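Student: Below you will find the structure I want to go over with you.
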Amino acid sequence: MRIAEIFYSVQGEGRLIGVPSVFIRTSGCNLRCVWCDTPYTSWRPEGEQWDIDKVLREVRNSSSRFVVITGGEPLLAQGIEELTEALKKNGSHITIETAATIFKPVVCDLLSMSPKLANSTPWNKAGGKYARMHEAARLNFPVMQSFLDGYDCQLKFVVDQAADFEEVREILASLKHVDPAQVLVMAQGRTARQIHSKAKWIVEYCKQHGYGYTPRLHIDLYGNRRGT
Ligand code: SF4
């Protein structure tokens, strides 16, 4: 599989925020979010081919059993099912971070879905050439439902303005068995300042709906940098 980077850091978002974790970041994505903060896995994918043994050796170098498989879109990666099985045999706690547009029967302890809202569509980027593809692919309800039915899930939404909450509500209304406590909202932004500037009104909306607000701890600690 093509790997952009493997690094040891701290989970910055969601239910396991603050937990020291090894991050396996695959390269390649079927979406092109306009605000993507890892363009080296999507708009301009980078990275080398790694076999599973090499990935496992790198993971064993860290002192945490918590592993986060992220991307890009990790469910595109060849051999992802085998990797998750091997990590589980090694005793890892596995989180998979996915946009939930592709289903694969991976092994994991936490399936972290981040369905992409309309605010992600790149209508004015790269001459708009990826916009229709992105728009057609960004929400896949059967895939989301399969994950919800078979895994322990959290749903993370990236919100940019108040109107985005209406889209979140519509998406959740199309899915079964979602507890609002599984839903986490985070602010769109590349810097701590941008994120903090939206936190207050987002928290107020979260309070109305019973959703959680998630900060982005890694941005607070390190800024938007690779390997963090
Ligand atoms: S799904 Fe994730 S990796 Fe892919 S373009 Fe969107 S933000 Fe970037």
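Student: Measuring from label point to label point, each 7 Å out along Cα→Cβ, what is the residue 225 to residue 81 span in nm?
Tutor: Modelled inter-label distance: 4.0 nm.
Student: Counting other beta carbons within 10 Å of each residue's own, what order do 52, 219, 3 fall into, fewest first?
Tutor: Going from sparsest to densest Cβ surroundings: 52, 3, 219.
Student: Also, I was wondering about something else. Go through 12, 45, 64 and say which Cα lies farthest out towards the positive end of the charge dipole of the range 7-128; charges sit on Cβ, +1 for Lys and Arg, -1 for Asp and Glu.
Tutor: After comparing all options, I get 12.
Student: Considering the dipole of the range 1-144 built from charges on the beta carbon (Lys and Arg +1, Asp and Glu -1) around the Cα centre, which of 100, 36, 121 is farthest to its positive end?
Tutor: Farthest towards the positive pole: 121.
Student: A follow-up question, please. Using a/c under 1.5 as the rounded threshold, could you call the chain rounded, prolate or oblate? The axes a ≥ b ≥ c are square roots of the C-alpha gyration tensor eigenvalues, and prolate needs a/b larger than b/c, oblate otherwise.
Tutor: rounded
Student: Next question, about the same structure. Report, in debye and to the nearest 20, how large the dipole of the range 84-228 comes out about its Cα centre when Lys and Arg carry +1 and Asp and Glu carry -1 on their Cβ.
Tutor: Here the size comes out at about 620 debye.
Student: Which loop-located chymotrypsin sites (Phe, Trp or Tyr not before Pro) does the range 1-94 contain, where loop means any DSSP state but H, G, I, E or B and the Cβ has at most 15 other Cβ atoms within 10 Å?
Tutor: Those that pass, being in a loop and sparsely packed, are 35.
Student: Distance check, please: which entries in 89/176; 125/176; 104/176; 104/200; 116/198 exceed 28 angstrom between their Cα atoms?
Tutor: The answer is 89/176; 125/176; 104/200.
Student: Give me the number: length gained by fully extending residue 179 to residue 197, i.e. 0.36 nm times residue separation minus the C-alpha to C-alpha distance, one decimal in nm.
Tutor: Going from the current span to full extension adds 3.7 nm.
Student: In whole Hz, with x marking every Gly and Pro, tabulate ³J(HN,Hα) for the range 214-228 from phi via Karplus 6.51 cos²θ - 1.76 cosθ + 1.60, θ = phi - 60°.
Tutor: So the J values, rounded to whole Hz, are 10, x, 10, 4, 5, 5, 4, 7, 10, x, 7, 10, 5, x, 10.
Student: Something else: Counting only helical runs of four or more DSSP H residues, what would the 222 nm mean residue ellipticity of the chain come to if each run contributes -39,500 (n - 2.57) and the total is spread over all its residues?
Tutor: -9000 deg cm²/dmol
Student: Per residue of the range 48-54, in order, report the coupling 6.51 cos²θ - 1.76 cosθ + 1.60 (Karplus, θ = phi - 60°) as ³J(HN,Hα) in whole Hz, putting x for Gly and Pro.
Tutor: Per-residue couplings from phi come out as 10, 6, 10, 8, 4, 4, 5 Hz.
Bear in mind these aren't lab numbers, they're just calculated from the coordinates by the rules spelled out. Everything numeric in this text was worked out from a predicted model, so none of it was measured. Cβ atoms come from the backbone with ideal geometry, glycine included; neighbour counts cover every protein chain shown.
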